[in-house]
Structures are given as C-alpha cells and as structure tokens.
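Read through the structure below, which is laid out as structure tokens, and then see the notes.
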Amino acid sequence: VVMNESNTTFGTFLINDTPYTFTAIFDIAQTTDGTIFALVAGNGGNYLVKKPAEDLSFVVVAQLENLSAKSKLAVSLLGDTALVLNNDKIYSVLGGVCVEDEAFKRPTLSNISSILLDHKNELYILCTDGTMVHSTKEAYCTITINNASTITDFCLSPANNTIYFLTPNNLLSLSEVEVDG
C-alpha cells in the first residue's frame with residue numbers, strides 16, 4: 001500500500017465558532033458512524049474534539065487538564081463513551097466534563113501505556129510490564145502477556161476476540177489468553 005497525499009487536511013478546531021490551530025495531536029479514535037475524536041492541544045489548552053462524518057470542522061467536546069505526550073483516547077464504537085488516559089489515570093468525559101473514571105472495575109495499575117474499548121464497551125488496559133486488564137463495570141481479569149517488554153500498543157478484533165500487539169518492528173497476535181483471577 002502506498003499512501004499519497006490525502007484529499008482533506010484538518011488543522012483547526014472550533015470553540016464558539018472561532019477556529020484555533022492544533023499545536024499537538026496526542027491520539028485519535030473513530031466510531032462506526034464515521035465520527036472522529038481526537039485529543040489535541042491548541043489555544044493554550046488541551047481538548048477532546050470531535051468531527052461527525054458529515055461535518056467539515058472539529059468542535060470541542062471538553063477542555064482537559066494538562067495532557068502528556070503519551071495520553072491515549074478510547075471511544076466506544078457508538079461514541080457514547082469516551083475515556084482519556086493521562087499519567088496512569090483514566091478519565092471519563094461526561095457532559096463536557098472530564099472526571100476520574102469509576103465505572104470500570106480494575107486494580108490499581110501503574111505504567112499504563114494504552115487503553116481501548118471493545119465492541120461490548122468493555123475496557124482493555126495495557127501496562128508496560130506486560131500486564132493487561134480486561135475490565136467491565138462488574139469485574140476485571142488479568143491477561144498474562146509473556147515477553148511484553150517491547151509492546152508499544154494494541155488493537156482488538158471484534159470478529160474473533162484476537163488481540164493484536166504492536167512492537168517497533170512486528171505485529172503479534174494473541175488469540176488464546178490466560179486469565180488470572
């Protein structure tokens with residue numbers, strides 16, 4: 001696959017119909033209806049912005065606290081749940097406000113590198129030590145990942161419950177997971 005120039009470039013977002021330039025984009029996610037969400041910096045702040053498929057502009061969903069360059073975004077397939085990972089804390093964005101998430105059961109974790117919501121709105125959390133947690137609103141379980149020190153990110157297949165892991169030079173898949181607890 002060769003990617004040439006794209007047809008459309010987005011470099012701004014709107015606050016009260018005033019455009020502001022992206023000064024950084026930390027992460028991006030898309031829903032099944034084509035709405036794009038992004039964690040961005042601009043106008044002296046940090047924001048969760050979205051652009052419905054039929055719109056031409058990103059608009060602010062919520063203003064966020066200081067985001068680190070490693071901040072991650074998880075959005076449900078329908079766009080009704082948005083979670084932000086920032087400095088080992090997971091936040092829910094509800095009604096334009098970002099609050100520490102308490103909806104998903106999970107252990108205390110450190111060195112969280114990535115989060116994703118699957119097709120059932122269940123949360124997966126990847127830590128740099130190879131710990132992965134599958135979290136629901138009622139319970140959680142730990143998935144053991146061997147030799148995980150080089151994993152940088154992951155994605156989930158809604159078709160067959162396979163987890164794909166990204167390393168600097170490989171894609172790995174895990175289809176049969178070991179569950180602890």
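Residues that are assigned to a loop (DSSP other than H, G, I, E, B) and modelled with pLDDT under 85 within segment 163-181 comprise Ser175, Glu176, Val177, Glu178, Gly181, listed in sequence order. Among the residues making up segment 92-113, those that are over 21 Å from Gln63 (Cα atoms) and open to solvent by less than 80 Å² (accessible area, probe 1.4 Å) are Phe104, Arg106, Pro107, Leu109, Ser110, Ile112, Ser113.
Among the residues of segment 127-166, what is the count of those that are β-branched (Val, Ile, Thr) and under 17 Å from Lys70 (Cα atoms)? Before the answer, list the steps.
Taking segment 127-166 first, the residues β-branched (Val, Ile, Thr) are 128, 131, 133, 136, 142-145, 150-152, 162-163.
Imposing the further condition that a residue be under 17 Å from Lys70 (Cα atoms) reduces the set to 128, 150-152.
Number satisfying all stated conditions: 4.
Scanning segment 139-149 for residues that are part of a loop (DSSP other than H, G, I, E, B) and at pLDDT below 85 returns Ile145, Asn146, Asn147, Ala148, Ser149.
The single condition among (1) closer than 24 Å to Ile125 by Cα; (2) modelled with pLDDT of 95 or more; (3) not polar (S, T, N, Q) that Leu77 does not satisfy is (2). Selection of first residues in segment 108-120 that are at positive phi and of second residues that are among the β-branched types (Val, Ile, Thr) and in a loop (DSSP other than H, G, I, E, B), restricted to Cβ pairs under 8 Å at least 6 apart or on distinct chains, gives the following pairs, ordered by first then second residue: Asn111/Thr128.
Filtered by the rule that a residue be modelled with pLDDT of 85 or more and open to solvent by 30 Å² or more (accessible area, probe 1.4 Å), segment 151-162 gives Thr152, Asp153, Cys155, Leu156.
Pairs linking a residue in segment 150-166 that is touching a residue at least 24 places away in the same chain (Cβ under 8 Å) and within 12 Å of Tyr124 (Cα to Cα) to a residue that is open to solvent by 20 Å² or more (accessible area, probe 1.4 Å) and part of a loop (DSSP other than H, G, I, E, B), with Cβ atoms under 9 Å and 6 or more positions apart or on different chains, are Leu156/His119; Ile163/Ile145; Ile163/Ser157; Ile163/Ser175; Ile163/Val177.
The values are calculated or read from the model by the stated rules, or taken from the named source; none is laboratory data. From a predicted model like this one, the values you see are computed outputs, not experimental measurements. Because the Cβ atoms are built from the backbone with ideal geometry, glycine has one as well, and the counts that use them run over all protein chains shown. The protein model used for the area step is the full one, side chains on, heavy atoms only, and it has no ligands, DNA or RNA in it. Shrake-Rupley method; radii C 1.70, N 1.55, O 1.52, S 1.80 Å.
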